[in-house]
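Have a look at the structure below before the remarks.
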Amino acid sequence: MSQWCNFRQLLGRHQLRPTTLRLRVLEILGAAPQALPVQKILALIRTERSVNKVTIYRILGDFCNLGIIRKINPEGRSTFYELACEHHPPHPHFQCRRCGEVQCLESISLDHLCEELKEVLGPGALRVEIRVEGICPKCQALTPKKV
Ligand SMILES: [Zn+2]
Ligand SMILES: [Zn+2]
Ligand SMILES: [Zn+2]
């Protein structure tokens with residue numbers, strides 16, 4: 001997913017030093033097929049080195065403020081994070097009502113909608129979040145068929 005991203009350059013563009021930990025967080029988010037909760041990011045980094053939770057929260061917070069990554073707040077679940085660089089434009093997310101899983105719908109572009117919103121709201125409109133709710137295919141398959 002991150003085959004086009006150059007994380008060192010990305011950090012450089014935002015005047016951030018490419019520390020091992022910052023790069024690792026971006027690599028993890030880039031390699032994930034979907035958005036990740038902080039617990040997952042932390043667990044992956046902790047398989048390699050010991051790291052303070054606060055440090056990871058600070059890195060994620062900085063990245064969010066700079067628009068390098070974006071937050072997704074699924075209902076009833078902790079915050080998820082994903083890359084927000086030019087290769088990963090805003091897209092809707094699908095959340096399953098049964099298992100709570102969050103899926104990225106990257107094939108659906110929100111560019112058009114973002115432009116239209118900016119026309120109405122001006123440059124003050126910074127972020128668009130669309131969450132689609134339903135039952136995922138996995139949970140649909142588990143539902144016993146009515147006779
Ligand atoms: Zn990128
Ligand atoms: Zn489900
Ligand atoms: Zn996503």
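Points worth noting:
- Failed criterion for I108 (all others in (1) more than 15 Å from ligand 3 (Cβ to nearest atom); (2) touching a His at 6+ places or on another chain (Cβ under 7 Å) hold): (1)
- Matching residues in region 86-102 - criterion: being within 16 Å of ligand 2 (Cβ to nearest atom) and buried (at least 16 other Cβ atoms within 10 Å of the Cβ): H93, F94, Q95, C96, V102
- Counting only residues that are in contact with a helix residue (DSSP H, G or I) (Cβ under 9 Å, 6 or more places away or on another chain) and closer than 24 Å to P89 by Cβ, region 32-45 holds 6 of them.
- Close contacts from region 54-79, counting a first residue that is touching a residue at least 12 places away in the same chain (Cβ under 8 Å) and a second that is surrounded by fewer than 13 Cβ atoms within 10 Å (Cβ to Cβ) and in a strand (DSSP E or B), with Cβ to Cβ under 9 Å and a gap of 6+ residues or different chains, come to E75/E133.
- Condition check for K118: at negative phi, within 16 Å of ligand 2 (Cβ to nearest atom) and outside the structural domain of P37 (by TED's automatic domain parsing): no
- Condition broken by L23, with the remaining ones in (1) modelled with pLDDT under 95; (2) surrounded by fewer than 18 Cβ atoms within 10 Å (Cβ to Cβ) satisfied: (1)
- Within region 80-95, at least one residue is small (G, A, S) and in contact with a strand residue (DSSP E or B) (Cβ under 6 Å, 6 or more places away or on another chain).
- Subset of region 14-31 [more than 26 Å from Q95 (Cα to Cα) and outside any loop (DSSP other than H, G, I, E, B)]: T20, L21, R22, L23, R24
- One residue alone among R46, R70, R131 is assigned by TED's automatic domain parsing to the domain that holds Q9 and either within 12 Å of ligand 3 (Cβ to nearest atom) or crowded, with 18+ Cβ neighbours inside 10 Å (or both), and that residue is R70.
The values are calculated or read from the model by the stated rules, or taken from the named source; none is laboratory data. Bear in mind that the values here come from a model prediction, so they are computed numbers and not experimental data. As a convention, Cβ positions derive from the backbone with ideal geometry for all residues, glycine included, and neighbour counts pool all protein chains shown.
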